[in-house]
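The values are calculated or read from the model by the stated rules, or taken from the named source; none is laboratory data. What you see is a predicted model, and the numbers here were worked out from it, not measured in a lab. Cβ atoms come from the backbone with ideal geometry, glycine included; neighbour counts cover every protein chain shown.
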Amino acid sequence: MEQRKTNCHFCGYLCGFIADVEDGRIVALTPDPERYPYDEQVLASCQRWRMNLDVLDGSDRVNHPLKRAGERGSGEWERISWDQALDEIADELCRLRDENNPGVLASMIGGPHTSFWPLHRFMSLFGSPNNAGIGQICWNPRIWSDTLAFGWTIEPDITDQTNCLIVWGTNPAESDNSLFWRSLLRMHAAGRPQIVVIDPRLTKTARIADIWVPLQPGTDCIFALGLLHVVIEEELYDAPFVEAWCEGFDELARHVAPYVPEMVAEACGVAPELIQEVARAFAQSPSTIITGRGIDQIGENVLPTHRARTALLAICGDIDRPGGSSILQTSDFTSELDLECTLERWDVLSSLCLNAESTPLQSYAGYAHVKESMDGDGRRLPARYLTSVHPDLLLRAMEGTGPYPIRAAIVQATNPLVTYADTNRMLDALMGLDLLVVLDYYITPTAAIADYVLPSAGAMERATFQAHGGVANFAYGGAKATDPYYERRSDYEVLRELGIRCGQAEWWPDITFEEACARTLAPTGLDWDGYCQMGMYAMPNAPYKHERLDGDGLSCGFATPSGKVELASSYLAQLGGGACPEPGEGYALCTPGFIAEREREGWTHLTLITGGRRQPYNASMYLNHPPFRDRRPLPIAEVSAATAEALHARVGDVITLATDKGTARFSVDIITMVDGVVHADYGWWHPELPVKLPDLGGIFESNINTLTSCSLSGAEPMIGTWAYNDMDCMAKVGGEPLAFGESIEKKATFA
Ligand SMILES: Nc1nc2c(c(=O)[nH]1)N[C@H]1C(S)=C(S)[C@@H](COP(=O)(O)OP(=O)(O)OC[C@H]3O[C@@H](n4cnc5c(=O)[nH]c(N)nc54)[C@H](O)[C@@H]3O)O[C@H]1N2
Ligand SMILES: Nc1nc2c(c(=O)[nH]1)N[C@H]1C(S)=C(S)[C@@H](COP(=O)(O)OP(=O)(O)OC[C@H]3O[C@@H](n4cnc5c(=O)[nH]c(N)nc54)[C@H](O)[C@@H]3O)O[C@H]1N2
Ligand code: SF4
Ligand SMILES: [Mo]
């Protein structure tokens, strides 16, 4: 028996464990609070980590490379060798590239389940810019808005000095339920800082808030402009900071002048006094803001809301100040930009970029603009996320209506038939490809329609190196505890082998992922073993970096074109957007004809928000594991008591939600939330149903993304963010009870 330090990878924390390993198999796990995140309570309260062993050798894991044997989606597979799988895939990719152009291949990624730079390196060297992901609705809006305003990204720096913390469109009680949630509980107990939660639902986080702002979904930008109005009108801002370090204050002040509390209150559905109360609390610096996907997924309003947030932080003097927000330090380890090899293939990638016209910020030209002002400071943002292709354009190219065709896709660690928008459109597009390759643990609905399914090694079977795209001088993770079980391989090793077969050998010097991680870390001077022992590499972040003097005795300032914080953006104006944040419309899913028709049949038109996180699930993962599913067996749709009354709904009733695109069914729950809104779970499929056509694991039962859309019309025009909140749908209560497979215990299919 040997004890090895390793990590959980069920969520972004990558908590440390000690694994007992016997004959190459992990037989027991014990929490290791000696390593990141250094908190016994995190593991004590985490609902997931005990499932690690169950998942590691679950009966339905894919353990060998599989090739489609029957028709696409028929569920018939042939077990083949790695060499056969990789040779055939590489041959087909090179054939498609020769017949078309390198853009013929797309890649798709999901949340932070693994490292994506190896896929991005493969794609860059192949010559395709068509990597799709969740960037536009998860990470990018904040990164773009911070970078335009401050020249780099910021993080809240909550200290004893912090007076007010706004928790905006995020519910850490369910989505984090770990280190940050524990610190929020501590702040609540200490009565400091003052906590403001902005959320249409009275979430578990909102329950510990000093002020809950129950605004109408999608009205966040107006609310933020209202806060700016009060702070400026009442002269609560940090005048010396604004004078010395901000560009565009007068323009901003003129812009927010009309956003008087009464008007804002009316638009947001809150009391006017609430706007003054929050503005006055926040203006007692230092204060800070933490945001989540509540405001990252509101379509047109996404960038304006984030830009109003940056302006609020800036004029209150909360930037790069302890207790406010810090501008992060760039990494000492090799940046993701260098790992992904975008610059090496810039010309071909930018020439094939489908976004260039449609979403000018989220494009190679947009990236080049911010890179130019950051270069002097040695700052390096990863480009692949910030240039990733818009899914509407990706699908058009797959459907044959793009400027050139996309005929193949590599899907790594995502389940687009459940987690991407517009399931029916996605299904048609993927079914029509010449080649679909999926790297995953399971036969997910997406894997079920693939040509090849490649078995990925998971946490504890591969190294972990979480570096958040390299935007901070901070990385954590560690070593594997065992070699991968069966024939599984780390994603890195699969993509490297594929790269070598596509003529990229010189770019993949490291045979294993550990070696690649060690090389990434090398510039820090810390070796891989030392990192694994500590579980992290972290350097302190110095405040007030803009005040430092350079060699000529001039202040460093901010890495923006003006060297100051840009409250009004001339670049966005040049791209055809507003220099100051302008609120937009909601993201309409139902056509007027559909609404009228359903209303005649007794359906009710509601505002739709989706995907509020719930423990212990993670998006579409773990529904196949009884210990998870037993806790939350059914997909839920939440409404307020008044909405329930209008719908004649009781707790536990079945509710059907529909748009022109599709329908999904849920079990009703009644909670305190804004009236006229329904909140539907996301990520639902039913592994207990046959995971092949036509059921595809029940993706047409309760999958909210059969209702959604990624259409560019109605999306935010600079980044292209579509919506998973602030949409609309029709709702009707009644119908057959939600009954799925008898048991979720599945037979081992591919042992
Ligand atoms: N309607 C709606 N849609 C949403 C959202 C919403 O709130 N509402 N949220 C969006 C957001 S923010 C996100 S991040 C996405 C999440 O979307 P996804 O990332 O697609 O979500 P998951 O279902 O977790 O899919 C992860 C898949 O990766 C596999 N996997 C896990 N680890 C590894 C690994 O190491 N290697 C490989 N190869 N595979 C692995 C899992 O088995 C699983 O099948 O969903 C987005 N979609
Ligand atoms: N258990 C669990 N944890 C997860 C995940 C998971 O799938 N399951 N996914 C991980 C991923 S990929 C991500 S991106 C993070 C997301 O983590 P968070 O950003 O914390 O996401 P949520 O917990 O869904 O919180 C979003 C909140 O926004 C609110 N909201 C909806 N519409 C609006 C609106 O228009 N305005 C405002 N102000 N609020 C609104 C919702 O009611 C919800 O409470 O969670 C991560 N953690
Ligand atoms: S699920 Fe997340 S919080 Fe829980 S042990 Fe794993 S990494 Fe840590
Ligand atoms: Mo996400």
### Check on Ile222, more than 10 Å from ligand 2 (Cβ to nearest atom) and either surrounded by 24 or more Cβ atoms within 10 Å (Cβ to Cβ) or among the β-branched types (Val, Ile, Thr) (or both)
yes
### Message
For the list (1) farther than 26 Å from Arg182 by Cβ; (2) over 27 Å from the mean Cα position of the chain (by Cα); (3) in contact (Cβ under 8 Å) with a residue 24 or more places away in the chain, I need the number of the one condition that Ala19 fails.
### Response
(1)
### Task
Output the residues belonging to region 597-626 that are within 16 Å of ligand 1 (Cβ to nearest atom) and either farther than 24 Å from Asp220 by Cα or modelled with pLDDT under 95 (or both).
Arg614, Gln615, Pro616, Tyr617, Asn618, Ala619, Ser620, Met621, Tyr622, Leu623, Asn624, His625
### Message
Of everything in region 315-340, what is at positive phi and either touching a His at 6+ places or on another chain (Cβ under 8 Å) or surrounded by fewer than 18 Cβ atoms within 10 Å (Cβ to Cβ) (or both)? Give them in sequence order.
### Response
Asp320
### Query
Within the bounds of region 477-486, is there any residue that is touching a strand residue (DSSP E or B) at 6+ places or on another chain (Cβ under 9 Å), free of Cβ contacts under 8 Å to residues at least 60 places away in the same chain and not in a helix (DSSP H, G or I)?
yes
### Query
Within region 644-670, can you find the residues that are part of a strand (DSSP E or B) and of a type in the set (A, V, I, L, M)?
Val654, Ile655, Leu657, Ala658, Ala664, Val668, Ile670
### Query
Could you list, in sequence order, the residues of region 12-24 that are more than 15 Å from ligand 3 (Cβ to nearest atom) and surrounded by 15 or more Cβ atoms within 10 Å (Cβ to Cβ)?
Asp20, Val21
### Task
State yes or no: is Gly248 in contact (Cβ under 8 Å) with a residue 24 or more places away in the chain and within 12 Å of ligand 2 (Cβ to nearest atom)?
no
### Query
Does Ser350 fit the bill of being within 21 Å of Asn130 (Cα to Cα), touching a helix residue (DSSP H, G or I) at 6+ places or on another chain (Cβ under 7 Å) and not in a helix (DSSP H, G or I)?
no
### Message
Let me confirm something: among Thr330, Thr342, Thr334, which residue is within 23 Å of Gly720 (Cα to Cα) and of a type in the set (Val, Ile, Thr)?
### Response
Thr342
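Go through Ala257, Ala267, Ala271, Ala283 for me and flag whichever is closer than 15 Å to Ile166 by Cα and either surrounded by fewer than 22 Cβ atoms within 10 Å (Cβ to Cβ) or touching a residue at least 12 places away in the same chain (Cβ under 8 Å) (or both).
Testing whether each residue is closer than 15 Å to Ile166 by Cα and either surrounded by fewer than 22 Cβ atoms within 10 Å (Cβ to Cβ) or touching a residue at least 12 places away in the same chain (Cβ under 8 Å) (or both) leaves just Ala283.
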### Query
touching a helix residue (DSSP H, G or I) at 6+ places or on another chain (Cβ under 6 Å), polar (S, T, N, Q) and within 16 Å of ligand 2 (Cβ to nearest atom): does that describe Ser178?
yes
### Message
I'd like the residue in region 682-717 that is within 16 Å of ligand 2 (Cβ to nearest atom) and among the aromatic types (Phe, Trp, Tyr) and, out of all such residues, is surrounded by the most Cβ atoms within 10 Å (Cβ to Cβ).
### Response
Trp685
### Task
With a cut-off of at least 3 residues that are closer than 30 Å to Asn7 by Cβ and within 15 Å of ligand 1 (Cβ to nearest atom), name the helices (runs of 4 or more DSSP H) lying wholly within region 361-462.
416-419, 445-448
### Task
Inspect all residues belonging to region 101-111 and state whether any of them is under 25 Å from the mean Cα position of the chain (by Cα), part of a helix (DSSP H, G or I), away from ligand 2 (no atom under 16 Å from the Cβ) and within 30 Å of Glu340 (Cβ to Cβ).
yes
### Task
Name the residue, out of Gly586, Gly576, Gly611, Gly563, that is more than 24 Å from the chain's Cα centre (by Cα) and either surrounded by fewer than 17 Cβ atoms within 10 Å (Cβ to Cβ) or touching a residue at least 40 places away in the same chain (Cβ under 8 Å) (or both).
Gly576
### Task
Mind counting the residues in region 25-65 that are of a type in the set (Gly, Ala, Ser) and away from ligand 3 (no atom under 13 Å from the Cβ)?
3
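Just a yes or no: is a residue in region 277-293 within 12 Å of ligand 2 (Cβ to nearest atom) and assigned to a helix (DSSP H, G or I)?
The answer is yes, given that some residue of region 277-293 is within 12 Å of ligand 2 (Cβ to nearest atom) and assigned to a helix (DSSP H, G or I).
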### Query
Are any of the residues in region 629-640 aliphatic (A, V, I, L, M), more than 16 Å from ligand 4 (Cβ to nearest atom) and buried (at least 22 other Cβ atoms within 10 Å of the Cβ)?
yes
### Task
Give Pro484, Pro416, Pro445 a once-over and let me know the one that is modelled with pLDDT of 95 or more and either of a type in the set (Lys, Arg) or within 30 Å of Asp98 (Cα to Cα) (or both).
Pro416
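Tell me, please, whether a residue that is within 16 Å of ligand 2 (Cβ to nearest atom), buried (at least 22 other Cβ atoms within 10 Å of the Cβ) and in contact (Cβ under 8 Å) with a residue 60 or more places away in the chain can be found in region 421-429.
yes
Quick test for you: out of Leu215, Leu202, Leu236, Leu184, pick the one residue that is under 17 Å from Asp318 (Cβ atoms) and either more than 16 Å from ligand 3 (Cβ to nearest atom) or modelled with pLDDT of 95 or more (or both).
Leu236
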#### Entry: Yes/no for Ala472 being closer than 24 Å to Arg380 by Cβ, within 23 Å of the chain's Cα centre (by Cα), away from ligand 3 (no atom under 16 Å from the Cβ) and not in a helix (DSSP H, G or I)
yes
### Complete set of residues in region 667-684 that are of a type in the set (A, V, I, L, M, F, W, C) and either more than 15 Å from ligand 1 (Cβ to nearest atom) or touching a Ser or Thr at 6+ places or on another chain (Cβ under 6 Å) (or both)
Val668, Ile670, Ile671, Met673, Val674, Val677, Ala680, Trp684
#### Entry: Looking only at region 289-311, and only at residues there that are over 13 Å from Ile609 (Cβ atoms) and β-branched (Val, Ile, Thr), the one that is surrounded by the fewest Cβ atoms within 10 Å (Cβ to Cβ)
Ile290
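Here is a yes/no grid of residues against (1) buried (at least 24 other Cβ atoms within 10 Å of the Cβ); (2) among the acidic types (Asp, Glu); (3) farther than 30 Å from Val27 by Cβ:
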position	(1), (2), (3)
Met374	no, no, yes
Leu395	yes, no, yes
Ala408	yes, no, yes
Gln412	yes, no, no
Leu417	yes, no, yes
Leu454	yes, no, no
### Task
Look at Leu53 and say whether it is away from ligand 1 (no atom under 15 Å from the Cβ), within 29 Å of the chain's Cα centre (by Cα) and surrounded by 17 or more Cβ atoms within 10 Å (Cβ to Cβ).
no
### Query
Among Tyr571, Tyr587, which is assigned to a loop (DSSP other than H, G, I, E, B), over 30 Å from Asp57 (Cβ atoms) and among the hydroxyl-bearing types (Ser, Thr, Tyr)?
Tyr587
